[in-house]
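Before we start, here is the structure in question, set down as structure tokens.
The values are calculated or read from the model by the stated rules, or taken from the named source; none is laboratory data. All of these numbers come straight from a predicted model, not from anything done at the bench. Cβ: placed from backbone, ideal geometry, glycine included. Neighbour counts: every protein chain shown. Keep in mind that these areas ignore ligands, DNA and RNA; they rest on the heavy atoms of the full protein, side chains included. Shrake-Rupley method; radii C 1.70, N 1.55, O 1.52, S 1.80 Å.
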Amino acid sequence: MNANSNIAQVASLVSDASRAAILTVLLDGRYHPASELAYMANIKPQTASFHLSKMVAANLVTVEQQGRHRYYGIQNQEVAQIMETLLSITPPVEIRSLNQAVENEALRQARTCYDHLAGKLGIQLTNSLLSAGVLSEEGDQFTVTEKGEDFFKAFQVDLGRVKRKRRSFTHRCLDWSERRHHLAGALGHALLERLLELHWIQRVPSTRAIKITPEGKKGLQEIFHIDVE
């Protein structure tokens, strides 16, 4: 059997601290200019551009051109899942400031994992759907039950449209902070978008953290029986 040298190539890209920092930022599922990624990774813009070009060539990162500007995003769910898995086995970062402690706690409470919810809120939502019989677990996937089809219809999530997307529908994603699985895939993305549409949650600028609104605290308790502190 021949060894696949491309594995070593990808591993070497991810093992670099600056590139790993950029990929972690991109786990918010949004597109960012190189200058912003450089700032968030604490490196020079020229250095960020160098790293980004390597990751684009390796199909870890994708780039979109808007006029004279380029915006970078993570390539796909598979890359995001690999990064989340690596984060789940990585020793925790040493907290050295109050701001760092506050940001770390916010990420653990609720955040985006590429294009779906993660953190404590992601786990609570998944457990709620399982307990209510909306979802069932089968191997590395969740399955929407007959009761679940009625639930998502009432919650105004179009399962037919979601299933037509050319990607995994309901796979399980290992949460790095909770060490448990949350709902990912096309349905996980649709649930995130619906909660944003309802203004139950809000994105926090320059971070993957998600803020739960007062309306969200009420709605999450009424629909999912989740008490948010």
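In region 63-78, how many residues are among the β-branched types (Val, Ile, Thr) and open to solvent by 40 Å² or more (accessible area, probe 1.4 Å)?
So the count comes out to 1.
Exactly one of (1) under 30 Å from residue 39 (Cβ atoms); (2) touching a Phe, Trp or Tyr at 6+ places or on another chain (Cβ under 7 Å) is unmet by residue 206. Its number?
It fails just one condition, (2).
Okay, next question. From the residues in region 136-177 that are of a type outside the set (Ser, Thr, Tyr), under 23 Å from residue 111 (Cβ atoms) and touching a Gly at 6+ places or on another chain (Cβ under 6 Å), which one is most open to solvent (accessible area, probe 1.4 Å)?
Once the filter is applied, the top-ranked residue is 169.
If the requirement is being in contact with a strand residue (DSSP E or B) (Cβ under 7 Å, 6 or more places away or on another chain), open to solvent by 40 Å² or more (accessible area, probe 1.4 Å) and within 24 Å of residue 185 (Cβ to Cβ), which of these qualifies: 109, 81?
Going through 109, 81 in turn, the sole match is 81.
Further question on the same structure: Residue by residue through region 49-62, note down the ones that are outside any helix (DSSP H, G or I) and either small (Gly, Ala, Ser) or open to solvent by less than 20 Å² (accessible area, probe 1.4 Å) (or both).
58, 60, 61
Here's a follow-up. Just to be sure I understand, how many residues within region 17-35 are open to solvent by 50 Å² or more (accessible area, probe 1.4 Å) and in contact (Cβ under 8 Å) with a residue 24 or more places away in the chain?
Residues that pass the stated criteria total 2.
So, in region 194-207, exactly how many residues are open to solvent by 10 Å² or more (accessible area, probe 1.4 Å) and closer than 13 Å to residue 111 by Cα?
Result for region 194-207: 7.
OK, next. Please enumerate the residues belonging to region 214-229 that are surrounded by fewer than 15 Cβ atoms within 10 Å (Cβ to Cβ) and assigned to a loop (DSSP other than H, G, I, E, B).
225, 227, 229
Only one residue in 65, 46, 81 is assigned to a strand (DSSP E or B) and among the polar types (S, T, N, Q). Which one?
65 is the lone residue from the list that is assigned to a strand (DSSP E or B) and among the polar types (S, T, N, Q).
Scan region 52-100 for residues that are modelled with pLDDT under 90 and of a type in the set (Ser, Thr, Tyr) and jot them down.
85, 88, 90, 97
Cβ-Cβ distance below 9 Å, separation of 6 or more or different chains: which pairs start in region 70-84 with a residue that is farther than 18 Å from residue 48 by Cα and end on one that is among the acidic types (Asp, Glu)?
From residues that are farther than 18 Å from residue 48 by Cα, the pairs are 77/115; 80/115; 84/175.
Same structure, new question: In this structure, is residue 129 under 15 Å from the mean Cα position of the chain (by Cα) and open to solvent by less than 90 Å² (accessible area, probe 1.4 Å)?
So residue 129 does not fit the description; no.
Right, here's the next one. Just one of the numbered conditions (1) surrounded by 15 or more Cβ atoms within 10 Å (Cβ to Cβ); (2) closer than 25 Å to residue 188 by Cβ; (3) touching a strand residue (DSSP E or B) at 6+ places or on another chain (Cβ under 8 Å) is not true of residue 124; which one?
Result: residue 124 passes all but (3).
Moving on. Do we find that residue 165 is under 24 Å from residue 62 (Cβ atoms) and either within 13 Å of the chain's Cα centre (by Cα) or not polar (S, T, N, Q) (or both) in this structure?
Taking the combined requirement at face value, the residue satisfies it.
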